[in-house]
Every structure is written in C-alpha cells, then in structure tokens.
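The values are calculated or read from the model by the stated rules, or taken from the named source; none is laboratory data. Keep in mind the model is a prediction, meaning the values are calculated, not measured. As a convention, Cβ positions derive from the backbone with ideal geometry for all residues, glycine included, and neighbour counts pool all protein chains shown. All accessible areas refer to the heavy atoms of the entire protein, side chains included, with ligands and DNA or RNA removed. Shrake-Rupley method; radii C 1.70, N 1.55, O 1.52, S 1.80 Å.
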Amino acid sequence: MRVGLLTEGGYPYTAGEGGRWCERLVRGLDRHDFEIYALSRGAGQEQGGQCELPGHVRRVRTAPLWGEPAARTGARAYGAYGRRERRAFDEHFGELVAAISSPGPLASTDLAYRFADGLYGLAELARDVGGLAGALRSEQALRALERACRAPGAHPAAYGTRVADLLLVSGLLERALRPLSLDWYGASGGGAAGDDRGLAGVDLCHATTGGVAALPGLLAKRFFGTPLLVTEYGVRLRAYYLLEGGAGLAADGTGEAGGAGLSLAVRTLLSAFHRRLAAEIYDRAALVTHGDARDRRWQEHCGADRKRLRTVHPGIDPSRYDTVGEGVDRAGAARTDDGRTLVWVGGRPEPALWQALAELREAEPDVRLRVVGPPDPGPPPDSGPAADLAPAVSFEETASFEEAGDPDVYASASVVLLAGSVDGFPAPLVEAMLCGRATVSPDVGVVRDVIGGTGPVVAPGDAKALAEACLALLRDPERRARLGAAARARALELFTVGQNVAAYHGIYLEVLSRAPVRQEPPDPSVPFAHAADAHPPLPWSRSTAPTWAGRP
C-alpha cells in the first residue's frame, strides 16, 4: 500500500508538533510505502532541516503556509484570467465567503453545501488555470468578502468589518487555502513528470491533524476517489477556539497569530471558516481517529459522525521503563521503594502540593518530595497558606528538582503525583504506570480514562484529599505494589508504541478494503489499451450520427 502522509507544522521537520509520533508510525509500518506531503509554518522550521527518513519513504514534498506563495503554485493575477475564469472565481469565492459570514448553525445543510461548493469549485479552478493567490488577494475578492459581510442575514459581528479587517481576512484565507493551488495533484495516468503522480498515485491519504493539513486529502478524494483517514491528537478546532481565533497565520507570516490582537469581525470570520472546514473534513473522511474521550466528544460536537470515530491511544516506548517496571536495577538486582519518597510530574508545583506536603510531614517526618522539572518551587512550605502547618525545616530538606525523562527518578518513587495543570493526554502519568508505580492523580481532563482503577483520583487543588491519599499509600506497601502492578499491566496493554502502530496497520487495511475500486483511465499511447467492446459508441455520438434521406 502507498500512503500519502499529510502533515502541518511537524514531521518530517526536526522542529514541530507530532514529529515523534509520525516517525514511529512510519518506521513501524515498514511494509507500506509512504509519501510525505508537509506544510511548514515558518522559516525557522524549514531552516532546522528534516530528520533522517527510512528507505520506504519514497518521496517528500513540502510547501510553506507562510510568506509569499511559492512559484510552483503557478499564481496568476486576477486580471490575467479570462472572462469565464473570472466568472467562475467570483461565483465560487462568493459561495465560500457567504457560508462563513452567515450566523447559521453548524448543522445547516444549506451552508455546508455552499461552503463545499465554493471550496471544491476553487480547487478545480486552481487545477485548471493555476494558483489562486493573486485572485484571493485581488480587489474583486475584497469586494466579494465585503458584500457577504454586508448582505442581509449576515452575522452581526461580520457586518462591522473595516477595510483593514477585510485585508487581513483575505490574506489569512489565501494562506489557509494555499494547498488548493499546489502541484501535488498529478493527473491520473501520468500527468506529472516521471513517476511523480502526486496524490493521484497513493492508495490512502492519512492526515495527521485536522484543519488545513487535511485539505490535500479532501482534494485527493474529490479528484481521484482516494479514501481519507484523519487523526487528531488534540482537536485542531478546539485549539483554535482556545486561542480565540488565533489559529491562522500571523499577518507577517512569521508564525501563528494570537487572537487577542484580532478584531471581533476577523475572529468571527476565521472561526467560521475553520468550523466549516472541520465539518467538511469529518463528513468526507472514511474514519477519524482520536487519542482520548475528550477529543472524541469535541469531534462529535464539531459534526463528526459517531460511527466513523475510532479511539487509538498515543503510544509511549515502554523499553525505557522496563527495568524499573520489573523491579530491578540496571545490574539486574531486585529493587524496592523506600516508602517515603513522593515524585511530582507533569508541571510546576502548585500551592496545594505544599499544603499537602506540610500535612504529610507532620504525620510522617521522613517524607521527601522530588519534583521532575526545572527549579520553580512557587511559594515555599514555610510561607503562604501552609505557614501554620509547615514543619520547621528548610526548603532544601523538603524537596529537590530532577531532570525530566529520567526513569531512575520513577525508580525512587513510592508514590507518583500528577500535576493538576495537565491538559491533553497525560504522558507523565503513563510513564509512571509503565514503571509500576502507584499514583495519585487530579480529576482533570482524561485522567480517569487513562488511570482506570489503578490509582486514587482526587479533586484538583484539594490539599487535604491529596495528603490523605498519599498517606494511605505510604503506609500500605502491599496496596502500593498491587496498584503499581495493575497500572503497568494497563499501560502495556493500551499505551505503547506497539499497540499504536498495530492499530493503524489494521485501520489502513480496513479503510482501503471499504474504498470503492478506482478505475484508472487507460494510457492512450498504449496500443489496444481499450477492449474493443469496453465502451460501445453511443447512438448520438458523432461516429454514428443518424442520416436523413440518405445524407449524413
């Protein structure tokens, strides 16, 4: 199978999000051929270079979502279009901006149809006449955008757009729609040079994130019928909302814009665009995978069909934690915890931690705390809310700070504590589970889904509950051992790189088995490429035109 891996701001660049996961996926599925289609987010990312790729990565094609359009997009000025081309652009772009300027609900069939009609119409125009960068930044595009914002029934916030807002939205839309103009869609049958048919030659498109990265996959499905698989470890639309509309590229092209600097009208239009795009991606994808229950709920909220959603947990390499998890040191000797060491992971210490530590040291004076991360202690235990409870010891005697990623830190732990500020998949918690350590976790995010019943969960910020849970575990070594063994078994079953890669191997086969057979048009240069009776002439074709009175 040949897989087109679609990325944005990550793999195969050395700097970027999701790079490690994509690399493990590609290397683990070495029975398949991969072609990587990567969108970069900034000059610094491209200057950092690409990581070393395995031999079954047959091709890498890149394009920037920053700066001016690349020459290979074939951008033409709007004035260079013919009359028919100008009419087509005005119609399709008008449909797209009308859909994003309307306050209609996400489930509105009419708006979804108008958005899709405009999007695919622009893609076909770009395929026929060249890149759309010039047209999307033209005065006609600004006028179409203004008409949509001023039209009856438009969103009240969009109605207040100014000229500066229109210019900014136009520029950001051009960058978001830049994948429409790329030369990644070689004509089926050899339209591209040599064997580089682009996405016309892949069997499956796998978008490693939602949003703009999935646009090439949408077009491959539209043009060639290629099935699309979308993976979101962190829903892209949710991240956009958390940034208050700042998921678009900054006006200067150097990175992502923060929503705080954008007007209400700009945020409204950009949010509507990304919301409609997410709904279209979910609607066209054969399957949409996610890492946890929270992402699943967001995908459903954003329009994904529950029947096409699939959970594939992120994977962590368990080999780094095997010796600790099996209770031996590097020399193979048996090792047990000392029953008095707490390890804090996942974020900087919180005030509730110091209050809980003060209470613990009153009950068990030998308790020590090791914090995984840089020294940023916050309020020391002898000041602030814990002043009345803090023992008369110096801070150095109470806690120490350790380097992240060292399994030996987990080896010293009797109980591992997870920070309450963890947002997303709690990888430090899984590392502790792989090490066979009992844990105490805050009830935030997807912690309950990850931990299962293998460790106590307390309310975030509740110092008393945290201290009581830790004290109960420190005083019961047999329970600590049972919970640690159960946690390790759960992590090995659900959260390893092996299970992650195996899951995607099965999903690839499933998606491809359900895809309709694609009929490749025969090469006209090959003699007898058509069977003689494969396509009999229609009665109204020119070769069989009827005759009247013996005349053709």
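Assorted remarks:
- Alpha carbon convex hull of the stretch 458-500, volume per residue in cubic angstrom: 82 Å³
- Pairwise FRET efficiency - LYS464 versus ARG20, Cβ, R0 = 41 Å, nearest 0.05: 0.60
- Surface/4 estimate of mean projected area, convex hull on alpha-carbon atoms of the stretch 411-494, nm²: 4.8 nm²
- Among 304-315, 427-438, 117-128, the order from most to least packed when residues are scored by Cβ within 10 Å on average: 427-438, 117-128, 304-315
- Packing, taken as the mean count of other beta carbons within 10 Å per residue, orders the peptides 358-369, 228-239 from highest to lowest as 228-239, 358-369.
- Accessible area in the full protein assembly, largest first, 1.4 Å probe, for TYR508, TYR185: TYR185, TYR508
- Fraction of C-alpha pairs exceeding 13 angstrom in the stretch 419-466: 51 percent, rounded to a whole number.
- Under-5 Å amide H pairs with PHE401, H placed in peptide plane, nonlocal only: VAL371
- Under 20 Å from a label point set 7 Å out along the Cα-to-Cβ vector of ASP305, the amide N atoms of the stretch 196-227 belong to 204-207, 210-211, 214-215, 217-227.
- Centre separation in Å (Cα based) which lies between the stretch 338-354 and the stretch 134-176: 51 Å
- Normalised size of the stretch 42-153, defined as Cα radius of gyration per 2.2 N^0.38 Å with N residues, equals 1.34.
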